[in-house]
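Scroll down for the structure; my scribbles are underneath it.
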Amino acid sequence: MKDGFLIEHGPSTLQGRTDELLELIDVAGLKDELLYANDFQKNRYILKGGKPVPLPHGPVSFLTTKLFSASAKLRLLREPFIKPSDGADESVADFVARRMGREILDYAVAPFVGGIFAGDPEKISLRSTFPRLHALETEYGSLIGGMLKKLFYKSGNKSKGNRPRLFSFRKGLKTLPEKLTKILGDKVQTGMVVKNISLLNGAGSLYKVTAEKDGTTETVNANAVVISIPSYQSAKLIEPFSLNAANDLRTIEYAPMAVVSLGYNRKDIGHPLNGFGMLSPPCEPHKFLGSLWTSTFFEGRAPAGKVLLTNFIGGKRHPELTELEPNELVELAHTSLEKILSITGKPILNEVQIQKRAIPQYTIGYSDKMKSLEEVEKNYPGIYITGAYRGGVSVEDCIANGKATAVKISGQLSKLNKASLTEVTYV
């Protein structure tokens, strides 16, 4: 909290699309702390010609939207008749352009890839980043046909419960890790630097972990070791087990990101800010990736009469911008938004967060890199490799993958007839 503004230093929203996230919130006793987004969050904007244009969210609005030309809309009619690919690892850009046309790529998919993944659609792997889209083509031969069939199935599946809408916590997303830290207590040791992991027996069932903290070395013997630090750090720990896997981990790219939070007096902004925010396509001249109108869809994010805009700069589109000084990033964000949102006053608050390695990129060939990690886990039972670079970058994906890893460990220990795993976790 800063001057009455609640500013996130990481992710700011959750969707509740996975059972694992909802179960964790329930177990942590945080249901009463949930804060749901209001209906404004349904409105999303894309910049076109320097103006925020609403993104259509249904068949009728798609037919009437000014975001896409008539020819682009007619081009979609061809989609069900386009043959599936030959199975090669295809980029998001190639896939969308092939099936839906260049304009849909430019003004719908490319802004999304830039805003959510900070990535380049020309390099991002469709199969790895959007497996559901890839599955629609593989299983049904058509995106439109596949989606219609799935909608028909869901309409007849009465047992499927409703997912909650976009949400956070009243005091921000830090609420969840803080509560989990409190629950775990001294079972978690932070600030430890793991130096190496070594195998203690040939059966691959007992490992020695050597770590340091404040100049003191500590060793722990464990039947299961979870490596969940970033890929470029995991590589060193994996190298004794597989040089190929270590090299694959080192080649995983990360996109840099600068998050510029700006607070304004509401009266100084002419745009109604009646939505979740806006994304900037790479074909437009603007230097920022997107802007979330945070105080619009979440209450308590700005004082009365003020607004909070959370802006994203850099990514794979403009990585060089993350080298700017914080004051330069504030000026860049403000001048970029000034005309678009009809801003007449200067920001009354600013805060800048820069991450040089913010979001791992699932580029072409990503699935092959993951095979080498699978080989390590197969050859060395008890070694588990996970993180945002494997199985999804979102908070929800990481939680789901974390639970899946815990289930695997439980099964492994049962086979070893062990009563429990050493309760020491290094972060």
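Using beta carbons and a limit of 6 Å, which pairs, at least six apart or on different chains, have the first residue in the stretch 282-300 and outside the structural domain of LYS171 (by TED's automatic domain parsing) and the second one of a type in the set (A, V, I, L, M) and in a helix (DSSP H, G or I)?
Listed pairs, sorted by first residue: PRO282/ALA110.
Check whether at least one residue in the stretch 67-86 is part of a loop (DSSP other than H, G, I, E, B), within 30 Å of PRO303 (Cα to Cα) and either of a type in the set (Gly, Ala, Ser) or over 24 Å from the mean Cα position of the chain (by Cα) (or both), and report yes or no. Write out each step before concluding.
To start, the set of residues in the stretch 67-86 that are part of a loop (DSSP other than H, G, I, E, B) comprises 67-69, 82-86.
With within 30 Å of PRO303 (Cα to Cα) added as a condition, the list becomes none.
No, that holds for no residue.
Residue under question is PHE130, and the condition is that it be surrounded by fewer than 21 Cβ atoms within 10 Å (Cβ to Cβ) and more than 28 Å from HIS318 (Cβ to Cβ); does it hold? Spell out how you get there, then give the answer.
Values: surrounded by fewer than 21 Cβ atoms within 10 Å (Cβ to Cβ): yes; more than 28 Å from HIS318 (Cβ to Cβ): no.
Taking the combined requirement at face value, the residue does not satisfy it.
For the stretch 172-191, which positions are out of contact with any Asp or Glu (no Cβ under 7 Å at 6 or more places or on another chain) and surrounded by 11 or more Cβ atoms within 10 Å (Cβ to Cβ)?
Start the filter on the stretch 172-191 by keeping residues that are out of contact with any Asp or Glu (no Cβ under 7 Å at 6 or more places or on another chain), which leaves 174, 176-186, 188-191.
LYS174, LEU176, PRO177, GLU178, LYS179, LEU180, THR181, ILE183, LEU184, VAL188, GLN189, listed by residue number.
Taking THR216 and the conditions (1) surrounded by 15 or more Cβ atoms within 10 Å (Cβ to Cβ); (2) out of contact with any His (no Cβ under 7 Å at 6 or more places or on another chain), which numbered condition does it fall short on, given that it satisfies the others?
Only one criterion in (1) surrounded by 15 or more Cβ atoms within 10 Å (Cβ to Cβ); (2) out of contact with any His (no Cβ under 7 Å at 6 or more places or on another chain) is unmet by THR216, namely (1).
Based on what the data block shows, is PRO84 surrounded by 11 or more Cβ atoms within 10 Å (Cβ to Cβ), within 30 Å of TYR140 (Cα to Cα) and not aromatic (Phe, Trp, Tyr)?
Against the criterion (surrounded by 11 or more Cβ atoms within 10 Å (Cβ to Cβ), within 30 Å of TYR140 (Cα to Cα) and not aromatic (Phe, Trp, Tyr)), PRO84 qualifies.
Please give the number of the condition TYR140 fails out of (1) more than 15 Å from ALA255 (Cβ to Cβ); (2) within 24 Å of the chain's Cα centre (by Cα).
Answer for TYR140: the failing condition is (2).
Listed residues GLY119, GLY115; which is part of a helix (DSSP H, G or I), touching a strand residue (DSSP E or B) at 6+ places or on another chain (Cβ under 8 Å), buried (at least 16 other Cβ atoms within 10 Å of the Cβ) and of a type in the set (Gly, Ala, Ser)? Steps first, answer last, please.
Values: GLY119 fails: part of a helix (DSSP H, G or I).
Residue meeting the stated conditions: GLY115.
From (1) among the acidic types (Asp, Glu); (2) assigned to a loop (DSSP other than H, G, I, E, B); (3) at pLDDT 95 or above, pick out the condition that doesn't hold for ASP89.
It is condition (3) that ASP89 fails.
Considering only residues that are part of a loop (DSSP other than H, G, I, E, B) and modelled with pLDDT under 95, which ones fall in the stretch 16-37? Spell out how you get there, then give the answer.
Applying the first criterion (part of a loop (DSSP other than H, G, I, E, B)) to the stretch 16-37 yields 16-18, 28-30, 37.
Listed by number, the residues that qualify are GLY16, ARG17, THR18.
Which one of these is in contact with a helix residue (DSSP H, G or I) (Cβ under 6 Å, 6 or more places away or on another chain), under 30 Å from THR13 (Cα atoms) and at pLDDT 90 or above: ILE197, ILE227?
Criteria check complete, one pass: ILE227.
From the list TYR362, TYR380, pick out the single residue that is at pLDDT 95 or above and more than 27 Å from LEU262 (Cβ to Cβ).
Numbers: TYR380 fails: at pLDDT 95 or above.
Within the list TYR362, TYR380, the selection yields TYR362.
Assigned by TED's automatic domain parsing to the domain that holds THR18, modelled with pLDDT of 95 or more and within 29 Å of VAL113 (Cβ to Cβ): is that true of LEU262 in this structure?
Numbers: assigned by TED's automatic domain parsing to the domain that holds THR18: no; modelled with pLDDT of 95 or more: yes; within 29 Å of VAL113 (Cβ to Cβ): yes.
It is false that LEU262 is assigned by TED's automatic domain parsing to the domain that holds THR18, modelled with pLDDT of 95 or more and within 29 Å of VAL113 (Cβ to Cβ).
Condition check: closer than 16 Å to THR175 by Cβ and not hydroxyl-bearing (Ser, Thr, Tyr). Does LEU35 satisfy that?
Values: closer than 16 Å to THR175 by Cβ: yes; not hydroxyl-bearing (Ser, Thr, Tyr): yes.
Answer is yes for this residue.
Spot the failing condition for MET147; the list is (1) at pLDDT 85 or above; (2) under 26 Å from the mean Cα position of the chain (by Cα); (3) of a type outside the set (S, T, N, Q), and only one is missed.
(1)
The values are calculated or read from the model by the stated rules, or taken from the named source; none is laboratory data. Predicted, not measured: the structure shown is a model, and the values here were computed from it. Cβ atoms come from the backbone with ideal geometry, glycine included; neighbour counts cover every protein chain shown.
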